[in-house]
């Protein structure tokens, strides 16, 4: 194999996928060099784990692999706090069948009295220990393996408690920008879809450190200062910023925030606490082409969102997606009309329009024939008012509303799902009509 000309080795490697190239690199130094030319690393991951930091350092310092990195995916999640091994075992999945000692422990000593009390206590303790040991026969892992899982978990837990995660993320992000010339996309997320690259990578890094749900964990928190560092000679060259289930904190630095290279912003948070941070980014990113925003629908936030809509004008905005937001009709209409010349795609899911300003019929009436460049509209799970009761619209109404916004015609007639059918998740009207899935790495 080593006697093959370098050209043939290179040709062999050119037909292989990145996963197939991994073992080829171990054949010999010659094949390692040939495979390195074709082994592309398009994205790197940064988890709150020492092994992840080491892997990132190895890639960013590699003369070949760092060249093709375009995306960094950051997950700052910490492991749930566990007091001891018993606490850890309680968090393990039920289908592991790992026995909990408290389920076998003998009754308290005061229950045994009389002449035979000591003997009864000894027998109860012996029986409990025997049944506990026997229960391990049905467990998915042995007692020694679970002990090893706990030692690993405790090591990661101690590490995370000893560092400032925000400072580490900021420094590693700056390192990645300085070493990876094509890095343009940043993803901040604490959620990973099953079978996604992020889930597989997280499992390979943490192994059995995240075996159960543990105590209720708050969303990871980061300051804008931590994710928007000054890099590349004073500029921040990121084109795509995706934030999913990360609670942001306000920009605190004195120097103004400038994000002239940012073209795609997706903030998909199940929290109402990021309006100010979104406003800060929108003001600094005047060249945005894509804007996705998701939060928890709350009528109390209508004044906050209306302030954002009234004070933001993005001259190049082409794609817009809103989810779980409560709007005033006039402010949303004004925002859409200000972007009528550039807007190409509009999607809204679980969006509620203030009934005092006309609801969805009033919104459609105001937008009719006003968005000439719109070529795609997607509406899903819209909410309106049927009499004095809040109700969901049928798919037929949303289809007519989409057609009205694209091609005009008569104003759609409202059609609502019956209250009794809102819990029928097999009904076509209760099935999601649009999927705004983020492409891998973005």
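Cβ crowding within 10 Å, taken as a proxy for footprinting-reagent exposure, orders 400, 280, 75, 57 from fewest neighbours to most as 57, 280, 400, 75.
When only alpha carbons are used to place a centre, segment 300-369 and segment 31-104 end up 40 Å from one another. Dividing the mean sequence gap of close Cα pairs (under 8 Å, 6+ apart) by how many residues segment 85-158 holds gives a relative contact order of 39 percent.
For segment 85-158, the share of alpha carbon pairs falling in successive 5 Å distance bins from zero is 3, 15, 20, 19, 14, 11, 10, 6, 2, 1, 0 percent. Counting other Cβ atoms within 10 Å as a rough exposure proxy, the listed residues 29, 283 run 29, 283 from fewest neighbours to most. In terms of other Cβ atoms within 10 Å, 142, 52, 78 run from fewest to most in the order 142, 78, 52.
Only the coordinates and a few stated rules stand behind these numbers; no lab work does. Just so you know, these numbers come straight off a predicted model, no measurement behind them. Virtual Cβ from ideal backbone geometry, glycine too; neighbours counted across all protein chains shown.
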